[in-house]
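Engineer: Pasting a structure below so you can have a look.
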Amino acid sequence: MSGFKPKWIPNLISGIRILLVFPVAWYLWHADFFMALILFIVAGLSDGLDGYLARRYQWTSSLGGWLDPVADKLMQVTTYVMLAWLGLIPLWLVMLILARDVMIVAGGLFYYYKIERIEARPSGISKLNTVFQILLVVLVLLDSLYGFAPWVVGGMIWLVALTTLSSGVDYVVTWGMRAWRASARTAGERNND
């Protein structure tokens, strides 16, 4: 393996996670919830591993900055769409999550290209939302396998909805205020010239 560099390992793991999206979708489509759950957990663990390696050994790259969130979103969106298709979670929840993600990406791109270049980091509520979204998938698959308490799944659906809305509002307010301050700063600089 001439030319292989250890710093590529996190990108390789992210690439494998992208490839795992297809078997997870296939197993869900065929109602093999056990295999879907196992692969979903493997994908989740690989996400933690590539993040740890990138931070611990500074094996970061611009490609990794794109691959990791793309892998996460592909797995999340595919899993949620399949669970809604199977009637295991409500379609409105999937639409809410997708609307929030589209709003964040569009707003982030607008801010980056029209206001100032800045690296965004997920907020605390956004991280909590991600944890709840992952837990919901695990609970739904466990419920499908073992008849888990339906009120637990129902409660988690509402927690995901609440944190999705909260994180969307948080992004709009936080980045709206930053945009307003950056615009005011730019206007002030022009007036001083």
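Engineer: Take the residues in region 90-117 that are touching a Phe, Trp or Tyr at 6+ places or on another chain (Cβ under 7 Å) and among the hydrophobic types (A, V, I, L, M, F, W, C); name whichever of them is farthest from Val173 (Cα to Cα).
Structural biologist: Out of the qualifying residues, it is Val94.
Engineer: For the subset of region 108-155 comprising residues that are more than 22 Å from the chain's Cα centre (by Cα) and small (Gly, Ala, Ser), which member is farthest from Leu93 (Cα to Cα)?
Structural biologist: It comes out as Gly147.
Engineer: Still on this structure, I have one more. List every residue pair whose Cβ atoms lie under 6 Å apart, where the two residues are 6 or more positions apart in sequence or sit on different chains, the first residue falls within region 120-149 and is in contact (Cβ under 8 Å) with a residue 60 or more places away in the chain, and the second residue, located anywhere, is assigned to a loop (DSSP other than H, G, I, E, B).
Structural biologist: From residues that are in contact (Cβ under 8 Å) with a residue 60 or more places away in the chain, the pairs are Leu142/Phe148.
Engineer: Taking region 31-54 on its own, how many of its residues are in contact (Cβ under 8 Å) with a residue 24 or more places away in the chain and assigned to a helix (DSSP H, G or I)?
Structural biologist: Going through region 31-54 one residue at a time, the tally reaches 15.
Engineer: Can I ask one more? Identify all residues within region 156-193 that are polar (S, T, N, Q) and buried (at least 17 other Cβ atoms within 10 Å of the Cβ); write none if there are none.
Structural biologist: Result: Thr163, Thr164, Ser167.
Engineer: For region 150-193, which positions are of a type in the set (Asp, Glu) and either touching a residue at least 12 places away in the same chain (Cβ under 8 Å) or outside any helix (DSSP H, G or I) (or both)?
Structural biologist: The answer is Asp170, Asp193.
Engineer: Do you know which residues across region 48-88 are more than 27 Å from Leu141 (Cβ to Cβ), under 15 Å from the mean Cα position of the chain (by Cα) and either buried (at least 18 other Cβ atoms within 10 Å of the Cβ) or not assigned by TED's automatic domain parsing to the domain that holds Trp29 (or both)?
Structural biologist: If the condition is that a residue be more than 27 Å from Leu141 (Cβ to Cβ), under 15 Å from the mean Cα position of the chain (by Cα) and either buried (at least 18 other Cβ atoms within 10 Å of the Cβ) or not assigned by TED's automatic domain parsing to the domain that holds Trp29 (or both), then Gly64 is the only one that fits.
Engineer: Further question on the same structure: Consider region 113-139. How many of its residues are of a type in the set (A, V, I, L, M, F, W, C) and touching a Pro at 6+ places or on another chain (Cβ under 9 Å)? Show your work before the answer.
Structural biologist: In the first step, residues of region 113-139 are kept if they are of a type in the set (A, V, I, L, M, F, W, C); the result is 115, 118, 120, 125, 128, 131-132, 134-139.
After this cut, where a residue has to be touching a Pro at 6+ places or on another chain (Cβ under 9 Å) as well, the list is none.
Selection size over region 113-139: 0.
Engineer: Name the single residue that is farthest from Gly87 (Cα to Cα) among those in region 10-30 being part of a helix (DSSP H, G or I) and without any contact (Cβ under 8 Å) to a residue 24 or more places away in the chain.
Structural biologist: That would be Leu12.
Engineer: On to the next question. Just checking, which of Leu98, Leu142 is modelled with pLDDT of 90 or more, out of contact with any Lys or Arg (no Cβ under 8 Å at 6 or more places or on another chain) and farther than 20 Å from Asp68 by Cβ?
Structural biologist: Just a single option satisfies the conditions, and that option is Leu142.
The values are calculated or read from the model by the stated rules, or taken from the named source; none is laboratory data. Remember, predicted model here, so these are calculated numbers, not experimental data. Note that we place each Cβ from the backbone using ideal geometry, even for glycine, and neighbour counts take in every protein chain shown.
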